[in-house]
Each structure stands twice: as C-alpha cells, then as structure tokens.
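Report on one structure; see the data block that follows.
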Amino acid sequence: MKRFAFSLQRMLGFKTTMYERERNVLAHMRAERLALEQRRNAAEAQMYQMDADFRQKAATEGVSMDEVRQMSFHRDNADKLLQQFDIDLARMDVAIEKQLQVVIELDKEVQSLEKLRETQWEEYQMETAREERERILELVSARYAQDQREEAEEERRAAQG
C-alpha cells in the first residue's frame with residue numbers, strides 16, 4: 001500500500017503564512033487609521049475649544065486687533081491641518097481597501113487549496129479502501145481455492161481408499 005504524500009502541504013503552508021501576514025498588515029493599517037482619526041478629532045476639539053475661549057473672551061473682556069489676527073491665523077492653520085487629516089484619512093481608506101482585497105484574495109486561495117487537499121485526501125482514502133478490498137478478496141479467493149483443493153484431495157483419497 002502506498003503512503004499518503006500530500007504535495008500541496010507546502011503551498012498551503014506558504015499561502016496560509018502569507019494570508020496571516022497580510023491580515024496583520026491590514027490590522028496595523030486599521031490601527032493607524034484609527035489613531036489618525038483620533039488625532040484629527042483631538043485637533044478639531046482643540047480648535048473648537050480655542051474658538052469658544054476666544055468668543056468668551058471677546059464677549060466678556062474684549063479683544064485687540066492683534067488677538068483677532070492671531071486667532072484668525074490659528075483658525076486657518078487648524079482648518080489646513082483638518083483638511084490634511086481628511087486627505088490622509090482618505091488615502092488610508094484607499095490603502096485599507098486595497099489591502100482588504102489582497103487579504104480576501106489570499107483567503108480564497110487558501111480555501112481552494114484546503115478543498116483540494118481534502119479532495120486529494122478523500123481520493124487517497126478511497127484508493128486505500130479499494131486496495132484493502134482487493135487484498136481481502138485475494139485472501140478469500142486464495143482460501144477458497146485452498147479449501148477446494150483440500151476437498152478434492154479428500155474426495156480422491158476417499159475414492160481410492
């Protein structure tokens with residue numbers, strides 16, 4: 001009986017390793033995106049707080065023209081920073097989507113290799129069972145032939161004797 005040797009095991013191992021690595025990359029990218037989004041939200045909250053503080057000061061104490069220009073400058077910078085965050089988030093979304101497609105494709109490949117391995121294993125088991133049935137049939141046939149010879153020998157002896 002031949003020994004089962006699964007030739008796809010290396011390929012399956014390789015693809016599984018690649019799949020896990022790419023999933024880790026995707027998880028890292030998602031974590032980076034979340035951190036970027038949190039930094040954006042913090043910058044936006046800080047901008048709103050500065051704006052509220054400025055409005056409060058303007059309403060209670062009054063503000064000078066220099067303070068208005070300074071607040072306008074901070075506001076413009078904050079707006080540009082938020083725009084840059086939005087651009088970076090959009091880029092991260094595109095990169096994450098591409099990485100997700102890579103992960104999905106590798107998952108499909110791993111699943112197809114696993115199905116192929118299962119199919120080959122089933123074929124191996126069927127072949128093994130067929131060989132076992134043939135071996136049993138040969139043993140039964142040999143035993144039957146031996147029994148027939150013994151019976152013929154006994155009949156020949158009984159007839160002679």
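Taking a cut-off of 24 Å, what percent of all Cα-Cα pairs in the range 1-90 are separated by more than that?
Of all Cα-Cα pairs in the range 1-90, 54 percent lie more than 24 Å apart.
Distance in nm between label sites at residue 89 and residue 45, each 7 Å beyond Cα in the beta-carbon direction?
Placing both labels 7 Å beyond Cα along the Cβ direction yields 1.4 nm.
Let me have the 222 nm mean residue ellipticity of the chain computed from DSSP H runs of 4+ only, each contributing -39500 (n - 2.57), with the sum over all residues rounded to the nearest 500.
Computed ellipticity for the chain at 222 nm equals -35000 deg cm²/dmol.
Classify the range 41-93 as rounded, prolate or oblate, taking a ≥ b ≥ c as the square roots of the eigenvalues of its Cα gyration tensor: rounded when a/c is under 1.5, otherwise prolate if a/b is larger than b/c and oblate if not. Numbers along the way, then the final one.
On the way: a/c = 6.24, a/b = 2.42, b/c = 2.58.
Oblate, because a/c is 1.5 or more while a/b does not exceed b/c.
Which GluC sites (Glu not before Pro) does the range 57-161 hold that lie in a coil by DSSP with at most 10 other beta carbons within 10 Å?
Details: sites: 61, 67, 97, 105, 109, 114, 118, 122, 123, 127, 131, 132, 134, 138, 150, 151, 153, 154, 155; in loops: 61.
Listed in order of number, the matching sites are 61.
Rounded to the nearest 10 degrees, what's the angle between the helix 65-160 long axis and the longest principal axis of the chain, both from Cα atoms, 0 to 90?
0 degrees
Could you list 29, 65 so that the one with the fewest beta carbons within 10 Å of its beta carbon is first and the one with the most is last?
By the 10 Å Cβ count, ascending, the order reads 65, 29.
If each residue's Cβ is checked for other Cβ atoms within 10 Å, how do 74, 28 rank with the fewest at the top?
Neighbour counts put them in this order, fewest first: 28, 74.
Taken together, the values in this text are just the output of simple stated rules run on the coordinates, not laboratory data. All values reported here derive from a predicted model rather than from experimental measurement. Because the Cβ atoms are built from the backbone with ideal geometry, glycine has one as well, and the counts that use them run over all protein chains shown.
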